[in-house]
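The structure under discussion appears below in the form of structure tokens.
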Amino acid sequence: MTVAPSAAPPRPGPESSKSTDSNQTAIRGRSWRRFGSLPEVRWAAASLCFFIVAAICHVAGAPAGVEWPAWILCYLTGGWEPALAGLRAARDKTLDVDLLMVVAAIVAASIGQVVDGGLLIIIFSTSGALEAVATRQTQDSVRSLLDLTPERATVLTPSVEGEPREVVVAASELGVGDLIVVRPGELIAADGEVVFGVSEVDQSSVTGEHLAVTKRPTDKVFSGTMNTAGVLHVRVERPAGESVVARIVSLVEEASATKAERQLWIEHIEQRYSVLVVVATVAFIVIPLLVTDWSFQKTLIRAMTFMIVASPCAVVLATMPPLLSAVANAGRHAILVKSTVVMEQIARIDTVVLDKTGTVTQGRPRMASVSVAPGGTLRADEVISLAAGVETWSEHPLGAAVVAAANSRSLRIPAAVDFEASPGRGVRASIDGSRIEVLSPAAASAEGAQEAWCEEAVAASESGGGTAVVVMRDRFAIGVIALQDTVRDDAAEAVASLGRILGHPAVLLTGDNRRAAMHVAAQVGISDVHADLLPADKVERVRQLQASGHSVMVVGDGVNDAPALAAADLGIAMGQSGSDVTLQAADGVILRDQLSSLPSLVYLARRARRMVLQNLVFAVVVIVSLVTLDLLGHLPLPLGVAGHEGSTVVIGLNGLRLLRSRAWSAKPKLRAQFGCWAHETVAWQGFWVIQ
């Protein structure tokens with residue numbers, strides 16, 4: 001029963017199609033304003049303000065009672081957090097670079113170099129604020145998706161008289177099985193299935209597609225998408241905390257909490273290097289006092305200058321800002337990378353392996369034809385009905401196509417019990433006392449379905465690039481259902497771009513028949529095709545590629561892809577069509593199901609890796625140069641502070657460049673550098689780079 005709306009629904013006007021873009025623009029603006037709420041940013045700004053006031057007082061010759069409180073506040077606001085972090089590290093018997101910088105600033109002030117010490121404090125606190133900004137942007141880029149979800153929903157509940165009534169509840173209180181009403185112009189409050197009504201739904205906030213999609217009963221809808229036409233009744237399938245968007249947000253929060261392998265290695269080296277710097281600093285104080293006629297103040301200034309310029313601040317900051325910025329930028333384009341470790345791994349990939357159904361193809365096959373066993377008593381509709389009864393419990397796209405075919409013909413779908421699924425083979429269940437199986441042709445042949453009519457029907461389907469499933473009742477074939485899928489519009493372009501970037505052609509692995517696989521592969525430009533594979537076969541093929549020296553990325557969506565995703569060096573799941581098991585096994589999720597995002601992701605990851613290498617080289621060169629100047633006796637303390645801490649800020653800002661939209665949208669192309677004829681996969685990866 002349709003419940004009439006209590007008020008006239010808002011009429012979607014010309015601005016409706018632009019609502020998502022304007023919302024996302026506003027969200028990005030708010031995220032940048034929220035950076036001012038970060039403690040690191042506030043303390044760094046306060047320290048800078050007090051430094052400016054103190055410096056003005058110093059130049060103007062203000063009384064010490066006016067100047068020194070400003071210096072003290074500059075040191076306290078900019079230095080208390082790194083000092084506390086350093087003391088905590090010291091309590092755990094580790095030497096933190098933060099503590100070295102604070103000690104150096106205090107010692108500089110104690111010998112009259114208060115301006116230099118203050119400059120050290122504000123630049124050091126600024127570099128910490130930059131890293132905090134990168135981390136916040138990583139979280140905000142995807143957490144902002146939650147802002148697109150409505151706060152309230154209208155639930156249909158039975159009244160005392162038996163007629164349904166509408167109750168407005170908080171969207172967070174929706175539970176599985178609740179029936180919600182979504183009127184034109186309203187956002188859908190939860191992931192679910194349409195049970196009544198036909199409408200156009202704008203899914204651009206989730207899928208990136210600006211054309212509205214027609215939704216009918218049994219179709220899936222997502223939280224945060226907009227109903228633009230008719231009234232829909234949607235049955236909630238996931239609570240708010242488990243929606244597609246919410247699950248992605250939790251993955252990104254985990255990503256920002258992890259550290260890349262290179263960063264862990266740097267921090268491991270930092271501990272030993274910091275101890276070496278302290279020992280060398282003490283030596284620079286003791287030895288000159290024993291063997292030269294230098295004054296204590298001159299010796300101390302030289303030693304403090306050495307400790308400042310030799311400290312590995314810039315090296316420590318070289319890794320995380322680029323990788324965090326890359327994770328944030330990918331998240332903003334609906335690719336969720338689970339950790340900075342994964343972002344590093346993406347940059348090393350040289351071979352991509354693609355599943356067919358739901359990955360290269362749309363994953364929404366349609367029934368093309370039905371062949372019924374000759375001489376039998378069953379009609380085509382009865383075969384479809386029995387198959388749909390079993391497939392109702394299946395997550396596979398082919399099963400969904402069979403159920404959709406039954407619904408489109410208004411067929412009765414019988415109840416099934418004792419459901420079993422064999423990934424790569426098929427499904428089976430009991431209906432009205434009979435054992436009904438919907439199997440792949442290979443599995444059906446193994447079960448004894450080798451009748452000539454059956455083989456002919458399968459061959460006819462596969463010759464046209466389709467997929468066939470054999471319906472069996474009590475171990476006898478009763479029908480063959482031919483299903484046809486379509487290739488994604490961006491698949492060919494994505495495959496070509498990946499081949500150019502990686503230097504190796506893509507590989508297609510599928511459990512489907514070889515003729516259907518070759519038909520799809522020809523359309524997207526893949527020549528290396530492996531068909532008729534069970535999940536274990538896919539894993540074996542991935543391991544063969546790894547054994548031959550390849551770093552493999554697998555992209556898939558179904559339960560049968562989960563083992564291959566887990567076995568690969570890197571697994572990427574298609575978010576909309578992917579199962580929960582696949583999403584859990586994957587290292588990343590393509591929320592919009594756009595294969596064209598993959599080349600951009602690899603390009604971004606390689607830019608991040610290249611930027612990390614640039615930062616490390618730059619940091620080491622600056623440290624070596626400054627230390628050399630100090631050892632030669634020609635480096636004033638202010639210049640040492642400006643050079644060392646200035647390089648730290650430059651490195652932080654360099655990493656944040658990957659937050660720009662341009663870092664994602666730039667077209668990757670191969671360009672030779674330095675006249676060296678080598679590929680990016682060689683040991684020194686700077687000869688050929690991706691720009």
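The values are calculated or read from the model by the stated rules, or taken from the named source; none is laboratory data. All values derive from a computational prediction rather than experimental measurement. Cβ atoms come from the backbone with ideal geometry, glycine included; neighbour counts cover every protein chain shown. Ligands, DNA and RNA are stripped out before the accessible areas are found, and what is left, the full protein with its side chains, is counted by its heavy atoms. Shrake-Rupley method; radii C 1.70, N 1.55, O 1.52, S 1.80 Å.
Annotations
- Listing of strands (runs of 3 or more DSSP E) fully contained in segment 397-503 that carry 1 or more residues being out of contact with any helix residue (DSSP H, G or I) (no Cβ under 8 Å at 6 or more places or on another chain): 417-422, 426-431, 434-439, 476-484
- For segment 506-543, residues that are part of a loop (DSSP other than H, G, I, E, B), under 28 Å from the mean Cα position of the chain (by Cα) and modelled with pLDDT of 90 or more total 3.
- Residue selection: L100 fails the criterion of being assigned to a helix (DSSP H, G or I), of a type in the set (A, V, I, L, M) and touching an Asp or Glu at 6+ places or on another chain (Cβ under 9 Å).
- Whichever residue in segment 537-548 is charged (D, E, K, R) and within 21 Å of H396 (Cβ to Cβ) and, among such residues, is least open to solvent (accessible area, probe 1.4 Å): K538
- Residue match in segment 100-117 (condition: in contact (Cβ under 8 Å) with a residue 40 or more places away in the chain, surrounded by 16 or more Cβ atoms within 10 Å (Cβ to Cβ) and farther than 21 Å from R302 by Cα): no
- For segment 152-203, a tally of residues being in a strand (DSSP E or B) and among the aliphatic types (A, V, I, L, M) returns 15.
- The strands (runs of 3 or more DSSP E) located wholly in segment 544-644 that include 2 or more residues which are of a type in the set (V, I, T) and at pLDDT 90 or above occupy 552-556.
Residues are listed down the side, and each one gets a yes or a no for (1) at pLDDT 85 or above; (2) over 22 Å from the mean Cα position of the chain (by Cα):
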site: T292; (1), (2): no, yes
site: Q297; (1), (2): no, yes
site: H333; (1), (2): no, no
site: K356; (1), (2): yes, no
site: G376; (1), (2): no, yes
site: A388; (1), (2): yes, yes
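- Residues of segment 524-536 that turn out to be open to solvent by 80 Å² or more (accessible area, probe 1.4 Å) and within 19 Å of P423 (Cα to Cα), as a count: 1
- Residue match in segment 236-249 (condition: of a type outside the set (D, E) and modelled with pLDDT of 80 or more): yes
- With respect to the conditions (1) open to solvent by less than 30 Å² (accessible area, probe 1.4 Å); (2) over 35 Å from the mean Cα position of the chain (by Cα); (3) β-branched (V, I, T), V403 lacks only one, and its number is (2).
- When we screen A477, A516, A506, A521 for residues that are among the aliphatic types (A, V, I, L, M), open to solvent by less than 20 Å² (accessible area, probe 1.4 Å) and under 16 Å from P365 (Cα atoms), the only hit is A516.
- Pick from segment 554-570, criterion out of contact with any Ser or Thr (no Cβ under 7 Å at 6 or more places or on another chain) and in contact (Cβ under 8 Å) with a residue 60 or more places away in the chain, ranking: surrounded by the most Cβ atoms within 10 Å (Cβ to Cβ): V554
- Residue within segment 457-468 that is of a type in the set (D, E) and surrounded by fewer than 23 Cβ atoms within 10 Å (Cβ to Cβ) present: yes
- Checked against (1) modelled with pLDDT of 85 or more; (2) out of contact with any Phe, Trp or Tyr (no Cβ under 9 Å at 6 or more places or on another chain), S371 meets all criteria but (2).
- Of the set (1) open to solvent by 10 Å² or more (accessible area, probe 1.4 Å); (2) out of contact with any strand residue (DSSP E or B) (no Cβ under 7 Å at 6 or more places or on another chain); (3) over 30 Å from S548 (Cβ atoms); (4) at pLDDT below 85, all apply to W393 but (2).
- Looking across segment 420-456, the residues that are out of contact with any Asp or Glu (no Cβ under 8 Å at 6 or more places or on another chain) and of a type in the set (D, E) come down to E420, D432, E451, E455, E456.
- For segment 421-448, the set of residues classified as over 23 Å from R366 (Cα atoms) and either polar (S, T, N, Q) or open to solvent by 30 Å² or more (accessible area, probe 1.4 Å) (or both) consists of S430, D432, G433, S434, R435, S445, A446, E447, G448, listed by residue number.
- Subset tally (residues that are in contact with a Ser or Thr (Cβ under 6 Å, 6 or more places away or on another chain), among the hydrophobic types (A, V, I, L, M, F, W, C) and more than 24 Å from R606 (Cβ to Cβ)) for segment 480-519: 6
- Residues that are out of contact with any strand residue (DSSP E or B) (no Cβ under 7 Å at 6 or more places or on another chain) and open to solvent by less than 40 Å² (accessible area, probe 1.4 Å) within segment 367-390 comprise S385, A388, listed in sequence order.
- The single condition among (1) modelled with pLDDT of 75 or more; (2) of a type in the set (K, R); (3) in contact with a Ser or Thr (Cβ under 8 Å, 6 or more places away or on another chain) that R88 does not meet is (3).
- Among the candidates T126, T135, residue that is modelled with pLDDT under 75, buried (at least 16 other Cβ atoms within 10 Å of the Cβ) and in a helix (DSSP H, G or I): T135
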